[in-house]
Amino acid sequence: MTYTARDDRYDRMIYRRCGRSGVKLPAISLGLWHNFGHDTPHATKQAICRTAFDHGITHFDLANNYGPPAGSAEEAFGDILRSDFRPYRDEMIISSKAGYEMWDGPYGEWGSRKYMVASCDQSLKRLGLDYVDIFYSHRFDPDTPLEETMQALDHIVRSGRALYAGISSYNSQRTREAAAILKDLGTPCLIHQPSYSILNRWVETDGLKDTLADLGIGSIAFTPLAQGILTKKYLNGIPDGSRATQGKSLDRSVITDRALASIGALNAMAETRGQTLAQMAIAWVLRGGGITSALIGASKPEQVEDCAGAIRNLDFTADELVRIDAIAEEKDVNLWAKSSSA
Ligand SMILES: NC(=O)c1ccc[n+]([C@@H]2O[C@H](COP(=O)([O-])OP(=O)(O)OC[C@H]3O[C@@H](n4cnc5c(N)ncnc54)[C@H](OP(=O)(O)O)[C@@H]3O)[C@@H](O)[C@H]2O)c1
């Protein structure tokens, strides 16, 4: 069936300025890391994307390696762009990244100019786009001069392949270095993409959040739901088909009785706020305005709908924040710690 976006979509979302730039991002953005590969029916992917856009979610985040197989999420989104979103391209911010392993041999990962530019060209082909809005260095490369990786981003922007440059999982010090190089090159760093959730607070302890505010760089926090742990999903056991059963990025050993007790307490607190736990977890990431957008994933359109409802209550009392800190123990859910400690 032909898709027409809902007329009231922009009344259903709020938009926040991305650092000191001209761009606003939806408070909630959709990422296509999981559930957009060959293991998911196309109709499900299409329904998730349509539901997102109908809720005013104008930002879709991809990377070269999203799938499985790697590249297939970009191909799927390219199909959806052609079938559904073609009239809305200028209403969207579409991002991609390069940094993780994408092809064999010495030029298929990390941060060389050779890899970054070739990977960006491959992404554009899969997406069927002339340009992406944001192109990221997906991870800091300790063996490539940072100047080279940033020159690659600058080249990607100057050559029209992307409108803006971003970095992901760089720590505070590396972010300062990267931002200074990009500034000198004349391509400011628009945005940083770190992991961040109630259960994973490295952006606070590392000082990254303060650094981004200081430098006027926007931020989009990925895995705000800790891959689904911060939802009601696992409260009564591990359901079939959930991410923890898939042997991918969420290790079921993290979901212990002790973890479930604290998730249960957070869930009760969310209920007193008139929210679902997913909504409270997203609101927590967005609290105080320090983070521009919360980057969620979804396996069903109903999850997008639930998450989008977070914007109805983004405020916390001081007492609520203290209670969340008391209940929530940091969990071993930061799979990206190695990149941000380099
Ligand atoms: N830059 C990087 O290095 C990096 C790394 C990771 C992710 N990311 C980006 O961040 C995006 C989000 O990551 P993520 O998918 O791990 O984020 P997440 O939002 O923490 O987790 C998404 C998962 O939570 C569950 N879920 C979502 N909404 C729900 C709801 N309302 N009720 C119950 N369960 C719900 C679903 O699990 P089920 O599938 O079990 O239903 C869904 O797949 C990625 O797509 C990607 O764009 C970036």
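The values are calculated or read from the model by the stated rules, or taken from the named source; none is laboratory data. Predicted model, so just to flag it, every value in this text is computed and none were measured. With ideal geometry, Cβ positions are generated from the backbone for all residues, glycine too; neighbour counts draw on all protein chains shown.
Quick rundown of the values:
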{"item": "Every residue from the range 295-332 that is under 22 Å from residue 251 (Cα atoms), at pLDDT 95 or above and not β-branched (Val, Ile, Thr)", "result": "295, 297, 298, 299, 300, 303"}
{"item": "Subset of the range 193-236 that is of a type in the set (Lys, Arg) and more than 10 Å from the ligand (Cβ to nearest atom) - its residue that is surrounded by the most Cβ atoms within 10 Å (Cβ to Cβ)", "result": "209"}
{"item": "Meets criteria (surrounded by 15 or more Cβ atoms within 10 Å (Cβ to Cβ) and out of contact with any helix residue (DSSP H, G or I) (no Cβ under 6 Å at 6 or more places or on another chain)) for residue 85", "result": "yes"}
{"item": "In the range 206-254, residue nearest to residue 33 (Cα to Cα) [restricted to those that are β-branched (Val, Ile, Thr) and either touching a Ser or Thr at 6+ places or on another chain (Cβ under 9 Å) or modelled with pLDDT of 95 or more (or both)]", "result": "223"}
{"item": "Flag for residue 52 being aliphatic (A, V, I, L, M) and within 16 Å of the ligand (Cβ to nearest atom)", "result": "yes"}
{"item": "Cross-chain or 6+ apart pairs with Cβ under 9 Å, the range 237-257 first and within 9 Å of the ligand (Cβ to nearest atom), then hydrophobic (A, V, I, L, M, F, W, C) and in a helix (DSSP H, G or I)", "result": "244/254; 250/226; 250/244"}
{"item": "Matching residues, the range 97-117, being within 15 Å of the ligand (Cβ to nearest atom), crowded, with 20+ Cβ neighbours inside 10 Å, without any contact (Cβ under 8 Å) to a residue 60 or more places away in the chain and not aliphatic (A, V, I, L, M)", "result": "109, 110, 111"}
{"item": "Qualifying residue in the range 75-93 (condition: in contact with a Pro (Cβ under 7 Å, 6 or more places away or on another chain) and more than 15 Å from the ligand (Cβ to nearest atom))", "result": "no"}
{"item": "Members of the range 138-170 found to be of a type in the set (D, E, K, R) and free of Cβ contacts under 8 Å to residues at least 40 places away in the same chain, listed by number", "result": "143, 147, 148, 154, 158"}
{"item": "Boolean, residue 125 is exposed (fewer than 15 other Cβ atoms within 10 Å of the Cβ) and of a type in the set (Lys, Arg)", "result": "yes"}
{"item": "Subset tally (residues that are part of a helix (DSSP H, G or I) and surrounded by fewer than 23 Cβ atoms within 10 Å (Cβ to Cβ)) for the range 169-178", "result": "5"}
